[in-house]
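Beneath this line is the structure, given in structure tokens, with notes to follow.
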Amino acid sequence: MIEISQEVQYLLNRLEQNGYEAYLVGGCVRDALLGRVPQDWDLCTSASPAQTAACFLDQRISLAGFRHGTVGVLLGGHPYEITTYRAEKGYTDGRHPDKVNFVSDLKQDLARRDFTVNAMAYHPRRGLVDPWRGQADLEQGLLRCVGDPFLRFSEDALRILRGMRFASTYSFEIEENTARAAVHCRRRLEQISAERVQAELSRFLTGSMAGQVLSRFWPVFAAVLPECGEDPVVWEQTAARLSRAKADLTVRLAVLLSGVPQGVAALERLRFGKKLSEDVRTLVAKAKGHPFTDITAKQLLREMGEPMARCWVDYRFAMDGEENRYREWRLTLERTLREGQCYSLRQLAIGGRELMSLGYTGPQVGACLEHLLDRVIRGKTENTAPALLEQANRQKSGGSTISSQ
């Protein structure tokens with residue numbers, strides 16, 4: 001039995017009170033059967049889109065997906081999608097159906113879905129509707145297409161990447177025929193928009209089995225990342241590193257694109273955000289920095305900031321695989337942070353106002369502060385106001401020039 005909220009029960013009851021069938025369907029059923037809390041609760045119904053909308057005129061509704069049979073209902077600040085049973089025909093563009101027919105049979109609706117684990121419906125009184133044995137596949141940890149996998153992937157190539165993502169995030173084993181079809185149909189992914197590829201790739205990369213899936217299905221990823229080439233040895237190395245990498249999108253993208261000359265171009269082509277792209281480039285470009293001393297840690301924090309410094313250490317471990325070194329670097333970095341050691345201008349015991357009182361002006365102020373920070377990091381000057389002022393005064397009195405660059 002699946003526990004559902006009062007809001008979901010209300011939606012089911014309202015549709016049934018008006019004479020229509022209604023079921024929970026898809027991902028929410030899958031997740032609930034796995035013991036997970038569903039992120040979204042989707043419903044399907046025998047009611048037409050117009051009939052569904054008429055059932056909820058006293059609620060706030062969205063008709064953005066009306067043409068495809070979906071009515072959104074906002075309850076308790078949370079959106080719920082209710083979609084009419086439908087069958088689909090023709091996929092000329094390799095992504096969207098040419099024609100959608102609304103039907104009265106729930107099983108017809110389930111037959112159009114991608115994988116058996118997503119082709120289940122549930123009703124609190126009538127129980128589970130599972131014509132494609134999705135529950136059995138779920139119990140076996142198996143990802144299998146509904147019907148002919150070659151047909152499913154030919155209809156909508158994005159299903160291939162969805163399959164990779166499900167295998168990565170749910171630790172599913174991809175059934176053999178489905179696996180063969182995914183590799184065979186991979187070139188159809190060239191028809192998919194960059195935004196949709198990016199969304200699926202991002203979710204795939206943060207899954208617990210990303211490395212293992214990449215190892216088996218690298219030709220699929222080579223199809224959406226041609227910048228990475230098709231050398232199986234390189235892909236196998238990348239998969240091993242990905243398995244070691246922390247499940248962080250920035251770190252794993254850096255691992256995936258490390259050593260790829262056109263890596264930045266790939267990020268831009270797939271519409272990854274500017275900041276994320278810059279962070280990935282920063283990780284890849286940063287030299288190893290052996291040995292990793294307290295000074296090295298402070299320099300890293302000065303250059304990158306705390307979150308990115310942690311990412312860099314994680315990235316280096318993924319690339320090198322040296323557990324003892326990683327543990328040492330991580331402990332050094334955390335000790336530096338825990339002890340509040342100075343690595344940034346805001347931590348200096350003096351600021352620009354104190355330097356101006358000594359006669360520093362314009363760009364000299366910033367340049368002197370950077371110089372003082374460098375000395376503090378290297379242990380040449382204590383981070384106290386008297387020590388810093390003395391050093392700044394000596395610098396000025398001695399006529400030394402501090403570059404503002």
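Stretching Thr206 away from Leu337 to a fully extended chain increases their span by 44.5 nm, per 0.36 nm per residue minus the current alpha-carbon distance.
Amide H to amide H distances under 5 Å link Glu173 with Leu142, Leu143, where only residues 5 or more positions off or on other chains count and H is placed in the peptide plane. The largest-to-smallest principal axis extents of the Cα set in the range 345-397 are 26, 20, 14 Å.
When GluC sites (Glu not before Pro) are flagged only if DSSP places them in a loop and at most 16 other Cβ atoms lie within 10 Å, the longest unflagged stretch of the chain comes out as 4-229.
Diagonalising the gyration tensor over the Cα atoms of the range 1-46 and scaling each eigenvalue by 5 before taking the square root yields semi-axes of 20, 11, 8 Å, largest first.
With the cut-off at 21 Å, report for the range 49-119 the share of all Cα pairs above it, as a whole percent. Roughly 34 percent, rounded to a whole number. Its residue count N sets the reference 2.2 N^0.38 Å, and the alpha-carbon radius of gyration of the range 205-284 equals 0.99 times that reference. Relative contact order, percent, of the chain when contacts are C-alpha pairs under 8 Å separated by at least 6 residues? Over the chain, the number comes to 8 percent. How big is D for the range 258-405, in µm² s⁻¹ as a whole number, if Stokes-Einstein is applied with the Kirkwood radius of its Cα pairs at 20 °C and 1.002 mPa s? D = 123 µm²/s.
Kirkwood analysis of the range 286-341, using all unique Cα-Cα pairs, places the hydrodynamic radius at 11.1 Å. Calculated from the structure at hand, mean projected area of the Cα convex hull in nm² is found among (1) 24.0; (2) 21.0; (3) 25.8 as (3).
Computed over the chain with a Gaussian network model linking Cα atoms closer than 10 Å, the most mobile of Gln237, Gln51, Gln395 is Gln395. Between helix 363-377 and the chain there is an angle of about 90 degrees, using the helix long axis and the longest principal axis of the Cα atoms. Computed over neighbours whose Cβ is under 12 Å from that of Thr206, the net charge equals +2, Lys and Arg +1, Asp and Glu -1. Cα extents for the range 6-133 along the principal axes, largest to smallest and rounded to whole angstrom: 39, 33, 26. Cβ-Cβ distance of Arg60 and Ala247, R₀ of 45 Å, FRET efficiency by 1/(1 + (r/R0)^6): the value works out to about 0.80. In loop segments of the range 119-159 as defined by DSSP, the trypsin sites (Lys or Arg not before Pro) with at most 13 further C-beta atoms inside 10 Å of their C-beta are Arg125, Arg126.
Seen against the Cα atoms of the chain and their longest principal axis, helix 158-170 is set at about 70 degrees.
With the convex hull of the Cα atoms taken as the outline of the range 143-247, the averaged projected area works out to 5.9 nm². Pairs of Cα atoms nearer than 8 Å and 6+ residues apart set the relative contact order; for the range 345-397 it is 43 percent. Where is the GNM fluctuation largest for the chain (alpha-carbon springs, 10 angstrom cutoff): Thr238, Thr361, Thr336? The residue with the greatest mean-square fluctuation here is Thr361.
Net charge near Asp114, counting Lys/Arg +1 and Asp/Glu -1 over other residues with Cβ under 11 Å of its Cβ? Once positives and negatives cancel, what remains is +4. Relative to the dominant Cα principal axis of the chain, helix 306-320 is inclined by about 80°.
Counting 0.36 nm for each residue step from Ser154 to Ile295 and taking away their Cα separation leaves a gain of 45.2 nm. Summary value for the range 17-129: 26 percent relative contact order, contacts being C-alpha pairs under 8 angstrom separated by 6+ residues.
All of the numbers you see were taken from the coordinates with simple rules; none came from a lab. Remember, it's a predicted structure, so these values are computed and weren't measured experimentally. Note that we place each Cβ from the backbone using ideal geometry, even for glycine, and neighbour counts take in every protein chain shown.
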